[in-house]
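Undergrad: Structure provided below as structure tokens; questions to follow.
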Amino acid sequence: MTVPVRELQTPAWASRSFRYLLGSEATSLAGSAVSTIALASLAVLELRATATEVALLAFVGQLPSTLALWAGALSDRYDKRRQLLGSDLAAAGALVSVPVAAVAGVLTIGQLYVVLFLLGAARVVHDAAAISLLPAVVAPNQLHNANSKLGAASSVADSAGSNAGAALISAVGPAVAVLADVASFLVSAVLVGRMRPTQPPARRDAHRSLVQDIVAGVRYVVGQPTIRTVIAALSVLSFGLAILNTYWAFYLLTTLDISPTAFGVIMGVGSLGSLAGALLAPSITARIGIGPTIVAGFAVSPLAQLPLLLAGPGLRWEIVLAAALTVQLFWATASGTSQRSLRQALCDPRYQGRMQAASTTVTAGSRPLAAAIAGALALLLDVPTVLAIGAILQVVPVLLLLASPVRALRTMPVPPASTSVPPAREGEA
């Protein structure tokens, strides 16, 4: 059964737990935007990381994504709120070691490897719990609206964090700027602690191992054609982007001679496109349909890489790159919000964590391999050629979606009554 997309725009704001989840996600993302710029600046400009070391940093940071299936099975078995708390505190603990070591004069590239691995592990646990928790925080017909608000808040947080990161790095240096992300994780933990979601009963069957739960989850996802197709397209797009992103910051900071401040501004301006895409996603899907919105987001991505491949040093190109990133993130966020809502609406609540984890495994889980391949390619080819390969690969998922029923999907499916998650309790308002 399906309903028009416009009927899925019932406000999700009435749920107190949703407001806390929204605040938690936005706060931690703002902090992470600061540390993304700060850690890249530390590695490239202060620790003088080589191209190979930059690729290895990307590889190590993405490596924990390969454990996503385990995180998904755990999120379906145990309390998701506690998993959010634990991941926030673990991330804060890992990050605080960076400024401490920098002040002591003992910071090394090896320590950044460890910190990025721990941050990646915390993020995998956090994402599996947070994304699969959303259907327990809002009613099924509020999912698209809730994802739109989460996307908008995340975009604002990312933009604010990028600009704040650029300012903080200029004012206090990249190492001390990392403390902003430490504080953001602590605030996020406080907000998560105040949540009271209506979660499905925990599945802690002593006769079933985690491996059996993982296998059951994978079989479920493989048996859902629409979910399976979207995840396959996401995985290929992610692989292409990961090859390109391995050297994106390195290329901008070195070959194009963009300063850390300008780098932060480009990311901040680009995030405005993400904000607009999140806010307008329900309206776009109502006008052109859920399927075309998803396809458009995938199609814009490879086209948006052309300015990067043609760019040279100078303010004019910095403006062009910011504009291209803005357009890319607008459609990426509108498409991402729509495909996430589509997958959540179609998925049985008992498999939400494992479905999201399956998506993470084949998308984020492919990034370490992509980073390793990018590093190997850079030994044989120049960096611009590696960037071009990453851009060309992003055409493949567009072809996958155009050949599937997703392109013709105009309305948002709703879950059968037997698998719907009940709306939030009255006490949540």
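The values are calculated or read from the model by the stated rules, or taken from the named source; none is laboratory data. Treat the numbers as computed from the prediction; the structure is a model and nothing was measured. Cβ placement follows ideal geometry from the backbone for every residue including glycine, while neighbour counts extend to all protein chains displayed.
Undergrad: Please verify whether region 208-226 includes one or more residues that are over 30 Å from residue 392 (Cα atoms), at pLDDT below 85, surrounded by fewer than 23 Cβ atoms within 10 Å (Cβ to Cβ) and among the hydrophobic types (A, V, I, L, M, F, W, C).
TA: Looking through region 208-226, at least one residue is over 30 Å from residue 392 (Cα atoms), at pLDDT below 85, surrounded by fewer than 23 Cβ atoms within 10 Å (Cβ to Cβ) and among the hydrophobic types (A, V, I, L, M, F, W, C).
Undergrad: Go through 339, 352, 394 for me and flag whichever is buried (at least 22 other Cβ atoms within 10 Å of the Cβ) and more than 22 Å from residue 299 (Cα to Cα).
TA: Values: 339 fails: more than 22 Å from residue 299 (Cα to Cα); 394 fails: more than 22 Å from residue 299 (Cα to Cα).
Of 339, 352, 394, the one residue that is buried (at least 22 other Cβ atoms within 10 Å of the Cβ) and more than 22 Å from residue 299 (Cα to Cα) is 352.
Undergrad: Quick one: what pairs do we get from region 155-176, first residue crowded, with 21+ Cβ neighbours inside 10 Å, second of a type in the set (D, E, K, R) and in a helix (DSSP H, G or I), C-beta under 7 Å, 6+ apart or different chains?
TA: Between residues of region 155-176 that are crowded, with 21+ Cβ neighbours inside 10 Å and residues that are of a type in the set (D, E, K, R) and in a helix (DSSP H, G or I), the close pairs are 174/46.
Undergrad: Can I ask one more? Only one of these is closer than 25 Å to residue 50 by Cα and touching a residue at least 24 places away in the same chain (Cβ under 8 Å): 358, 391, 376. Name it.
TA: Of 358, 391, 376, the one residue that is closer than 25 Å to residue 50 by Cα and touching a residue at least 24 places away in the same chain (Cβ under 8 Å) is 391.
Undergrad: Take region 392-405 and flag every residue that is outside any loop (DSSP other than H, G, I, E, B) and under 12 Å from residue 239 (Cβ atoms).
TA: We begin by selecting, within region 392-405, every residue outside any loop (DSSP other than H, G, I, E, B); these are 392-393, 396-402, 405.
Matches in region 392-405: 392, 393, 396, 397.
Undergrad: If you go through region 119-130 one residue at a time, do you hit one that is free of Cβ contacts under 8 Å to residues at least 60 places away in the same chain and either outside any helix (DSSP H, G or I) or of a type in the set (Asp, Glu) (or both)?
TA: No, region 119-130 contains no residue that is free of Cβ contacts under 8 Å to residues at least 60 places away in the same chain and either outside any helix (DSSP H, G or I) or of a type in the set (Asp, Glu) (or both).
Undergrad: Taking residue 302 and the conditions (1) buried (at least 24 other Cβ atoms within 10 Å of the Cβ); (2) at pLDDT 85 or above, which numbered condition does it fall short on, given that it satisfies the others?
TA: Looking at each condition in turn, residue 302 falls short on (1).
Yes or no, residue by residue, for (1) over 16 Å from the mean Cα position of the chain (by Cα); (2) hydroxyl-bearing (Ser, Thr, Tyr):
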| site | (1), (2) |
| --- | --- |
| 228 | yes, no |
| 238 | no, yes |
| 241 | no, no |
| 257 | yes, no |
| 267 | no, no |
| 273 | no, no |
| 281 | yes, no |
| 284 | yes, no |
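Undergrad: Report whether or not residue 262 is at pLDDT below 85, touching a helix residue (DSSP H, G or I) at 6+ places or on another chain (Cβ under 9 Å) and either polar (S, T, N, Q) or surrounded by fewer than 22 Cβ atoms within 10 Å (Cβ to Cβ) (or both). Step through it out loud before you land on a result.
TA: Details: at pLDDT below 85: yes; touching a helix residue (DSSP H, G or I) at 6+ places or on another chain (Cβ under 9 Å): yes; either polar (S, T, N, Q) or surrounded by fewer than 22 Cβ atoms within 10 Å (Cβ to Cβ) (or both): yes.
Yes, satisfied.
Undergrad: Could you list, in sequence order, all residues of region 301-319 that are within 23 Å of residue 157 (Cα to Cα) and either in contact with an Asp or Glu (Cβ under 8 Å, 6 or more places away or on another chain) or assigned to a helix (DSSP H, G or I) (or both)? Can you show your working first?
TA: The initial filter retains those residues of region 301-319 that are within 23 Å of residue 157 (Cα to Cα), namely 301, 304, 318-319.
Within region 301-319, 301, 318, 319 qualify.
Quick grid of which residues meet (1) assigned to a helix (DSSP H, G or I); (2) surrounded by 24 or more Cβ atoms within 10 Å (Cβ to Cβ):
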| position | (1), (2) |
| --- | --- |
| 30 | yes, yes |
| 38 | yes, yes |
| 41 | yes, yes |
| 45 | yes, no |
| 49 | no, no |
| 68 | yes, yes |
| 71 | yes, yes |
| 83 | yes, no |
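Undergrad: Same structure again: In this structure, is residue 77 farther than 30 Å from residue 282 by Cα and without any contact (Cβ under 8 Å) to a residue 40 or more places away in the chain? Give the derivation first.
TA: On the way: farther than 30 Å from residue 282 by Cα: yes; without any contact (Cβ under 8 Å) to a residue 40 or more places away in the chain: no.
Judged against the criteria, residue 77 is not a match.
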